[in-house]
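First comes the structure, then the notes that go with it.
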Amino acid sequence: MDSDERPHSESIMSMPPRADNVCLYCRRRKKKCDKTLPSCLQCKKHNVECVYDDVEGVSTIDEFRQLRKRLRNVEGLMVPGTSKAANPGLALKQHPSSHAAQDSTLLGRLAVLNTDSSLSEEVHQLLQSKPGEVYGACQIFFQNVHRWMPIISQKLFYHRMTKFSKTGQTDFALVLLGILLLIYYPTRGTRPEQLYEIIRTRYWQHNASATASIETVQAGLLLACYEYGSGMIQACYGTTGLCARMGYWMGLHNQRLPSDLSKDSDTWLEAAERCNVWWGIFIRDRCINFETTAHNKPCAIGKGTPDYLPLESDALDPSFTSPNANETVGIFGRQAQACHLLDQMIYFRQRQATAGPLDDEKCQLDHDLRTLLRALIDQNDGSICEFCEASAIVIGQLIREVSALFHLHSKDAPAASLDYVDGSGPSTSTSAASSLALKTAARMVVDISRNFNHNLAKLNTITCPPTYCYVIHRAAMELISLHDSIDHAQWSQDLETLREASWNYSRRWQVGAHHLKSVDKAVTELLSEPPSTFSSFQPLRNDPCLLVLLDE
């Protein structure tokens, strides 16, 4: 009898323990839960923490939120001058229902946080309550922004997200919020979004007491990119400088890829991510120099670019793309090459101002710029005037090169800058080649802008990097300077194309609207009449996952 019962008892003992009810994740997503402890199959599949609760679980979460709210109020009573009870006049001015309305959304709750731990708790709660929407937002980022700014390894990011429930690291919470910020279409014209104001405040407060980490630098780069895309150049300058200092402290400028490790190892991947982060800092630092308001401002990173090219998005995370990722120079590498030439140009101008003419070096620099431009055109089979999904890659590769050409040949550059257009170069052939390069670049920008305007409804504008707004602006200003030497009808048509592109880009990056204002001001001064106006700001529709996360 004992022998007959033993197999049955052993089979019972071998069965995994099961919960009495479904987990919170499966309940909210209305998925079938196998109730396995400690984690069900659905939660394992989506890499989220599996939480079992009774049928009153949702109300328990609401009760927990109310307790945290009451705790914040009590903490406010303990700090003189921060509580409404201590300042009854302030309480009378506020509408009775305004505080409740503010706390009903994620942004409202984030706006009243006053500690790092509160921020981590709020982001952790977001991950637990809306994991599908958070994952969807991350996918939007990695499929679009990550292509032209691969500073975050997907594999390491999701590992950190899994550990976040235990570590509660504020720097990772800031990275996740920065991702939401970069894929969110502006909804208030040229004014900064509330999410940006929250992240910037929390980011600088966190850096006042925390030690440098790779996540902190990544969060700073996301923030700086948004600031650049919103026309907040001074804020971008400060944030990028902070990232550069942290990068130096962490030794990112000396980081190299280990040749003795497998690319599948986390150690190799961490080193690759650090290399790309340093390039990200360098590119953002040099892009600030494009803007007129930042001319002659010292760069956060000194002369000299890294002696290696960064990894492209697919090569950084082959497990998320293809085991045999293409190792040719792509979007991020082309940006690095163009910034390398821009770096040479910046310091050439400084030497020229003190050392006098450097004709041979000037010719070589101009030749290298035009050579890279030809390589980019050849790499894309000449499809530079067709703005479709593939042309988004063309823009990502051309922005640095075209900007560098405008910066190099600009007529309104300082007297010590390179200026071949006026014929003062070392030879007539060189001047003609440089002038032709400038006109070619301008024509490419006009053609791409025209196709962008015609196909806006078909495009995923999240893919577009912010620096191209500057390229459109420089093309428009160059066109204005040539008003008297071009057919008026063609001039008006091209200018209107660039103005419309700036307005359309402002629906993705607010800096487009800032540039459009400066162009319209220059046109008004030239023609003594205001140009045609576009309709009021019309925001693009954000992805449903973002609406759920930020506008619940």
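The values are calculated or read from the model by the stated rules, or taken from the named source; none is laboratory data. If you're wondering where the values come from, they're calculated on a predicted model, not measured in any experiment. Every residue, glycine as well, gets a Cβ built from its backbone with ideal geometry; the counts of neighbours run over all protein chains shown. Ligands, DNA and RNA are excluded from the accessible area calculation, which covers all protein heavy atoms including side chains. Shrake-Rupley method; radii C 1.70, N 1.55, O 1.52, S 1.80 Å.
Restricting the search to segment 257-316, which residues are modelled with pLDDT under 90, under 26 Å from F348 (Cα atoms) and touching a Ser or Thr at 6+ places or on another chain (Cβ under 8 Å)?
Residues satisfying the conditions are C287, I288, F290.
Could you give every pair whose Cβ atoms fall below 7 Å, whose first residue belongs to segment 475-490 and is assigned by the TED database to the domain that holds S502 and outside any loop (DSSP other than H, G, I, E, B), and whose second residue is of a type in the set (K, R) and open to solvent by 60 Å² or more (accessible area, probe 1.4 Å), counting only separations of at least 6 or pairs across chains?
Within 7 Å, the pairs are S481/K411.
Restricting to segment 266-310, give me the number of residues that are out of contact with any Gly (no Cβ under 8 Å at 6 or more places or on another chain), assigned to a loop (DSSP other than H, G, I, E, B) and open to solvent by 10 Å² or more (accessible area, probe 1.4 Å).
14
Name the single residue that is most open to solvent (accessible area, probe 1.4 Å) among those in segment 184-207 being hydrophobic (A, V, I, L, M, F, W, C) and farther than 12 Å from T170 by Cβ.
Checked segment 184-207; the qualifying residue most open to solvent (accessible area, probe 1.4 Å) is W204.
Might you let me know whether segment 526-545 holds any residue that is assigned to a loop (DSSP other than H, G, I, E, B), at positive phi, without any contact (Cβ under 8 Å) to a residue 24 or more places away in the chain and of a type outside the set (K, R)?
Yes, there is a match, as at least one residue in segment 526-545 is assigned to a loop (DSSP other than H, G, I, E, B), at positive phi, without any contact (Cβ under 8 Å) to a residue 24 or more places away in the chain and of a type outside the set (K, R).
Check E227, E215 and return the single one that is buried (at least 16 other Cβ atoms within 10 Å of the Cβ), under 25 Å from A315 (Cα atoms) and of a type in the set (D, E, K, R).
Step by step, each of E227, E215 is checked, and only E215 is buried (at least 16 other Cβ atoms within 10 Å of the Cβ), under 25 Å from A315 (Cα atoms) and of a type in the set (D, E, K, R).
Could you list, in sequence order, the residues of segment 211-256 that are polar (S, T, N, Q) and within 17 Å of G178 (Cα to Cα)? Quick ask: steps written out before the conclusion?
So in segment 211-256, the residues polar (S, T, N, Q) come out as 211, 213, 216, 218, 230, 234, 239-240, 254-255.
The answer is S213, T216, Q218, S230, T239, T240.
Could you check, for segment 152-172, whether at least one of its residues is among the aromatic types (F, W, Y) and either closer than 23 Å to H473 by Cβ or open to solvent by 30 Å² or more (accessible area, probe 1.4 Å) (or both)? Talk me through it step by step, then tell me what you get.
First, the residues of segment 152-172 that are among the aromatic types (F, W, Y): 157-158, 164, 172.
Subset that is either closer than 23 Å to H473 by Cβ or open to solvent by 30 Å² or more (accessible area, probe 1.4 Å) (or both): none.
Scanning segment 152-172 turns up no residue that is among the aromatic types (F, W, Y) and either closer than 23 Å to H473 by Cβ or open to solvent by 30 Å² or more (accessible area, probe 1.4 Å) (or both).
Does L156 meet the test of being within 14 Å of the chain's Cα centre (by Cα) and either outside any loop (DSSP other than H, G, I, E, B) or of a type in the set (A, V, I, L, M) (or both)? So that I can check it myself, show each step before the final result.
Numbers: within 14 Å of the chain's Cα centre (by Cα): no; either outside any loop (DSSP other than H, G, I, E, B) or of a type in the set (A, V, I, L, M) (or both): yes.
So L156 fails the test.
Looking at (1) more than 21 Å from the chain's Cα centre (by Cα); (2) part of a loop (DSSP other than H, G, I, E, B); (3) at pLDDT 90 or above, which is the one condition that is false for W509?
Against the list (1) more than 21 Å from the chain's Cα centre (by Cα); (2) part of a loop (DSSP other than H, G, I, E, B); (3) at pLDDT 90 or above, W509 comes up short only on (1).
Out of S313, S262, report the one residue that is more than 23 Å from the chain's Cα centre (by Cα) and of a type outside the set (K, R).
S262
May I ask you to say which residue of S502, S506 is crowded, with 24+ Cβ neighbours inside 10 Å, without any contact (Cβ under 8 Å) to a residue 40 or more places away in the chain and closer than 26 Å to Q335 by Cβ?
Among S502, S506, only S502 is crowded, with 24+ Cβ neighbours inside 10 Å, without any contact (Cβ under 8 Å) to a residue 40 or more places away in the chain and closer than 26 Å to Q335 by Cβ.
Kindly indicate whether any position in segment 231-239 is open to solvent by 60 Å² or more (accessible area, probe 1.4 Å) and closer than 22 Å to A338 by Cβ.
Checked segment 231-239: at least one residue is open to solvent by 60 Å² or more (accessible area, probe 1.4 Å) and closer than 22 Å to A338 by Cβ.
For segment 330-339, what are the residues that are surrounded by fewer than 20 Cβ atoms within 10 Å (Cβ to Cβ) and farther than 17 Å from S313 by Cβ?
Of everything in segment 330-339, nothing turns out to be surrounded by fewer than 20 Cβ atoms within 10 Å (Cβ to Cβ) and farther than 17 Å from S313 by Cβ.
Within segment 470-512, restricting attention to residues that are in contact with a Phe, Trp or Tyr (Cβ under 6 Å, 6 or more places away or on another chain) and of a type in the set (G, A, S), which residue is farthest from F290 (Cα to Cα)?
Among those residues, the one meeting the criterion is A501.
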